[in-house]
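Novice: This is the structure, below, for whatever I ask next.
The values are calculated or read from the model by the stated rules, or taken from the named source; none is laboratory data. Just so it is clear, the structure is predicted and the values come from calculations on it, not from any experiment. Here the Cβ positions follow ideal geometry from the backbone for every residue, glycine too, while neighbour counts run over all protein chains shown. The protein model used for the area step is the full one, side chains on, heavy atoms only, and it has no ligands, DNA or RNA in it. Shrake-Rupley method; radii C 1.70, N 1.55, O 1.52, S 1.80 Å.
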Amino acid sequence: MIKIAIAGRPNTGKSTLFNNLTGTRDALVHDRPGVTRDTIGGTIKNRDIQIFDTAGLENTKTEIATNSTTMALDTVVSADAILFVVDGRVGLTPADTEWARMIRRKTRAPVMLLVNKAESGKKLADVHDFYKLGFGEPVLISAEHKIGFDQIFDFIDKIAPDALNNAPVPDAPQKLKVAIMGQPNVGKSTLVNRILGQNRQIVMDMPGVTRDTVKIPANFYGRDIILMDTAGLRRKSGVRDDVETLSALKSLDAIEKSDVVILVVDATKNIENQALGIASRVYDAGKILCVALNKWDLVAPEIRDEKLLKLKHQFTNSFHQIIKPMILAISAEHGTGVKNMFRRIYEQWDISNTDAPTSLINRIIEKLIDARQPPMSRLKRPMKIKFARQTGRHPMRITINVGGASDIPESYTRYLRRGLAGELKWEHLPIIIEYKKDENPFD
C-alpha cells in the first residue's frame, strides 16, 4: 500500500490536514505547537492509501522533541510521497529551509509543498519565498476549510492511480481493535512497542508523554489487529491543561471504538480508584476487559499470590457485570506474559462472537430455577420465567420472557448471570440480562 507522510515544523496545520484527508478526528488539534508527539496513521478517504501525521520537526534539545523528530524523520524516509506543510501567514522560516534541506538529502520521494492557512490572501506572506525550499511550485491551501484539496488529490492520484475507490470490501472480516489504557506512566507505550517489536511509540519515565490515541495495524501472535495506544488518564482534579483534557476525551472515546480494552496497571503500586473508574466505563460499554499487571517482575515473589488474590477480589466486588475478571501478570519491558495475555484475549473474543443455542440456554435456566426458585414480587405474586434466548453480543445479552410479576430483584439476576456464565464459558465477558413481560391477551 502507498504511504504518504505529512511533514513540517510545529504548528503549521499538519494534524488538521490529516483529519480532513482521512475524514476522522484521530489527530489531536490545538493552537499550541508541539502537541503531536507520536506518528498517527490512517487511510485517505475513498482511497486505499496510508497517510501519516508526524510530529513537528524541531531542533530543541529536550528528550521528547528529539524522540518525536527522530520518529517523524523515520516516517518521512520510509514514505512513498511527502506533503510538506508550511505556514502561509508566517512566511518562510529558517526552520522550514533546514528541514526541507534535510528531506531532500534523505529521500528521493516526490514532495508536494503546501502553503497552509491561505484562506485569506490579505494575510499571506510572500508566497514566492517558498520556491527557495526546492520543492517546486507552492500550492495554496486551507487545511481547516478544505481549500486546495483538489490539487492534493490530483498529486495523490498521480502517485497511486489505482487506489481510487479501492476501499476495503464491507463484508471483509474486521480486525480486532485492542485499546491500551491506563493511568500515566504505567507502561502502555512500552507494551505497544513490545507487541510491535519496534520502538514505534515514545517511551519516557515521565507522565503525559502520549497525547494522541494512536491506531497501529499489527500482526501479533498469529492475528491481524489494530492497536490503540491512548493517553494516560488522571483524576480530574489533577488535570489543569486543556491539551490533557482533549487527550483524555480521546482516550475515553477509544473505549467505544475498541473491541477489547487492556487496562494496564502498575503491579508495584496499589490499585487506585481511577483505574477502577476506567474499568467501570469499559464494562458499561459492554467491552471485553483484560487487566494487565505490568512490572510484575519487580514484585517480590513472596507477596505475588496475596497481591493477585486481593486485586481479583477488589474487581469482583466492584463490578457485578463481570463474573470473573481477567487479570494477568506481565512485564512489558521484558515481554513476559504478553503472548499468553493475547492468547487469552483471542479466546474470549472468539467466544464472544458465537451464539449459544436457545435450547441450551433454556436448559440452564430451568436447572438454575430448580435449584433456587425466584422470590415473590413486591405484590406477593409468583414470578414465572418462561423462555430465554440470546439476543445480542458485545455485550452478551440474554432476554428472558416472564409471566406474572416482572420485578425480579437484582440479587436473583446476579444468580442467573453467574449460572449462565459458568455453563457457557462467559465468565470473562460482560453479560446483560433483561426481562420481557408476556402480555396477557385478556387484560
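Novice: Exactly one condition in (1) of a type outside the set (S, T, N, Q); (2) in contact (Cβ under 8 Å) with a residue 12 or more places away in the chain; (3) open to solvent by 10 Å² or more (accessible area, probe 1.4 Å) is false for M341; which is it?
Specialist: Only one criterion is unmet by M341, namely (3).
Novice: If you don't mind, there's one more thing I want to ask. Select from the stretch 109-137 the residues that are in contact (Cβ under 8 Å) with a residue 40 or more places away in the chain and within 18 Å of A95 (Cβ to Cβ) and list them in ascending order.
Specialist: L114, N116, K117, F130, K132, L133, F135
Novice: Would you call I288 among the aliphatic types (A, V, I, L, M), at pLDDT below 90 and over 18 Å from G187 (Cα atoms)?
Specialist: Against the criterion (among the aliphatic types (A, V, I, L, M), at pLDDT below 90 and over 18 Å from G187 (Cα atoms)), I288 does not qualify.
Novice: In this structure, does R25 turn out to be surrounded by fewer than 17 Cβ atoms within 10 Å (Cβ to Cβ), under 19 Å from D229 (Cβ atoms) and at pLDDT below 85?
Specialist: Taking the combined requirement at face value, the residue satisfies it.
Novice: Restricting attention to the stretch 251-281, report how many residues are in contact (Cβ under 8 Å) with a residue 60 or more places away in the chain and either assigned to a helix (DSSP H, G or I) or among the aliphatic types (A, V, I, L, M) (or both).
Specialist: 14
Residues checked against (1) farther than 17 Å from L21 by Cβ; (2) touching an Asp or Glu at 6+ places or on another chain (Cβ under 8 Å); (3) of a type outside the set (G, A, S):
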site: W99; (1), (2), (3): yes, no, yes
site: S120; (1), (2), (3): yes, no, no
site: D126; (1), (2), (3): yes, no, yes
site: K146; (1), (2), (3): no, no, yes
site: D150; (1), (2), (3): no, no, yes
site: I156; (1), (2), (3): no, no, yes
site: I159; (1), (2), (3): no, yes, yes
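Novice: A further question on this structure: Residues being at pLDDT below 80 and open to solvent by 100 Å² or more (accessible area, probe 1.4 Å): count how many of those fall in the stretch 365-380.
Specialist: Here the count works out to 4.
Novice: Which is open to solvent by 20 Å² or more (accessible area, probe 1.4 Å), out of contact with any Phe, Trp or Tyr (no Cβ under 7 Å at 6 or more places or on another chain) and part of a helix (DSSP H, G or I), of E423, E427, E434?
Specialist: Every option except E423 fails the conditions.
Novice: For the stretch 399-420, name all the residues that are modelled with pLDDT of 90 or more, buried (at least 17 other Cβ atoms within 10 Å of the Cβ) and part of a strand (DSSP E or B).
Specialist: Result: I400, single match.
Novice: Let me ask something additional. Can you tell me which residue in the stretch 236-263 is most open to solvent (accessible area, probe 1.4 Å), limited to those that are modelled with pLDDT under 75 and within 16 Å of the chain's Cα centre (by Cα)?
Specialist: Among those residues, the one meeting the criterion is L249.
Novice: What residue, of H128, H145, is modelled with pLDDT of 85 or more, in a loop (DSSP other than H, G, I, E, B), open to solvent by 100 Å² or more (accessible area, probe 1.4 Å) and not basic (K, R)?
Specialist: H145
Novice: Consider V77 against the criteria (1) among the hydrophobic types (A, V, I, L, M, F, W, C); (2) assigned to a helix (DSSP H, G or I); (3) open to solvent by less than 40 Å² (accessible area, probe 1.4 Å): it satisfies all of them except one. Which criterion is unmet?
Specialist: Only one criterion in (1) among the hydrophobic types (A, V, I, L, M, F, W, C); (2) assigned to a helix (DSSP H, G or I); (3) open to solvent by less than 40 Å² (accessible area, probe 1.4 Å) is unmet by V77, namely (3).
Novice: Next question. With respect to the numbered conditions (1) open to solvent by 50 Å² or more (accessible area, probe 1.4 Å); (2) under 20 Å from Y415 (Cα atoms), which one is the sole condition not fulfilled by N362?
Specialist: Only one criterion in (1) open to solvent by 50 Å² or more (accessible area, probe 1.4 Å); (2) under 20 Å from Y415 (Cα atoms) is unmet by N362, namely (1).
Novice: Take the residues in the stretch 282-295 that are open to solvent by less than 40 Å² (accessible area, probe 1.4 Å) and part of a helix (DSSP H, G or I); name whichever of them is nearest to W426 (Cα to Cα).
Specialist: Y283
Novice: Sticking with this one: Answer yes if at least one residue in the stretch 313-328 is at positive phi and surrounded by 16 or more Cβ atoms within 10 Å (Cβ to Cβ), and no otherwise.
Specialist: No: zero hits.
Novice: What's the total number of residues in the stretch 381-422 that are within 13 Å of N362 (Cβ to Cβ) and either in contact (Cβ under 8 Å) with a residue 60 or more places away in the chain or polar (S, T, N, Q) (or both)?
Specialist: Number satisfying all stated conditions: 3.
Novice: With the checklist (1) in a loop (DSSP other than H, G, I, E, B); (2) at pLDDT 80 or above; (3) open to solvent by less than 40 Å² (accessible area, probe 1.4 Å); (4) farther than 16 Å from K177 by Cα in hand, flag the one item L233 doesn't pass.
Specialist: (2)
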